[in-house]
Amino acid sequence: MPWLSTPANRGRQKSLAAETLAIIDENGFGDKSIGVVGIENMPHPVHELLGQDLGWKFTVPRDIVAELRYAKTLDEVEMMRRAAQRSDLGFEPMVKMARSGMRGIEIVAEMERVIRRKGADAAKFSLGSATSPAKRRMQASR
């Protein structure tokens with residue numbers, strides 16, 4: 001990652017921290033600390049180098065948006081239930097119609113057709129298949 005400040009590129013190229021500090025200084029906030037939310041989604045080397053390069057300015061504030069997402073409202077819970085019910089409806093045709101020799105795309109098409117007829121705006125199922133180890137050995141021996 002060329003934008004990371006490492007011993008190999010230090011001095012030749014601005015690090016992410018140096019770029020960040022330059023932007024903050026340009027906007028008149030150079031004497032303030034820098035709060036980074038979503039740190040749990042940041043690669044550890046990036047987090048570590050930012051902490052080293054920014055020093056005292058680097059802080060990890062409470063991520064109130066993430067905290068709000070953790071607690072579901074009654075409406076969100078109801079939407080999750082309806083989504084799960086529609087998904088279950090899509091799996092019923094798979095159980096009923098799947099037979100040896102059928103192509104996965106035929107099964108998925110029927111699954112999607114059923115839940116769309118029940119009111120789903122979008123449907124996305126994925127179905128893979130593979131030959132059995134015994135069949136692969138038979139084909140390889142030919």
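The values are calculated or read from the model by the stated rules, or taken from the named source; none is laboratory data. As the structure is a prediction and not an experimental result, all values here were calculated from the model. Neighbour counts are summed over all protein chains in view; Cβ atoms, including those assigned to glycine, are modelled from backbone coordinates with ideal geometry.
Quick notes on this structure:
- Screening the stretch 35-58 for residues that are surrounded by fewer than 13 Cβ atoms within 10 Å (Cβ to Cβ) and over 23 Å from the mean Cα position of the chain (by Cα) and picking the one that is farthest from Glu19 (Cα to Cα) gives Trp56.
For every residue, the table says whether it meets (1) of a type in the set (Asp, Glu); (2) touching a residue at least 24 places away in the same chain (Cβ under 8 Å).
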{"position": "Val36", "(1), (2)": "no, yes"}
{"position": "Asp63", "(1), (2)": "yes, yes"}
{"position": "Thr73", "(1), (2)": "no, no"}
{"position": "Ala83", "(1), (2)": "no, no"}
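- Residue in the stretch 1-34 that is surrounded by the most Cβ atoms within 10 Å (Cβ to Cβ), counting only those that are among the hydroxyl-bearing types (Ser, Thr, Tyr) and modelled with pLDDT of 75 or more: Ser15
- Residues of the stretch 65-98 classified as hydrophobic (A, V, I, L, M, F, W, C), over 23 Å from Lys124 (Cβ atoms) and at pLDDT 85 or above, total: 2
- Hey, Glu67 farther than 30 Å from Ile34 by Cβ and out of contact with any strand residue (DSSP E or B) (no Cβ under 6 Å at 6 or more places or on another chain) or not: no
- Any chance Met80 is within 27 Å of the chain's Cα centre (by Cα), surrounded by 11 or more Cβ atoms within 10 Å (Cβ to Cβ) and either within 30 Å of Val114 (Cβ to Cβ) or assigned by TED's automatic domain parsing to the domain that holds Ala120 (or both): yes
- Residues being closer than 30 Å to Val46 by Cβ and in a loop (DSSP other than H, G, I, E, B) - total across the stretch 57-110: 5
- For the stretch 110-120, a tally of residues being among the hydrophobic types (A, V, I, L, M, F, W, C) and loosely packed, with under 13 Cβ neighbours inside 10 Å returns 0.
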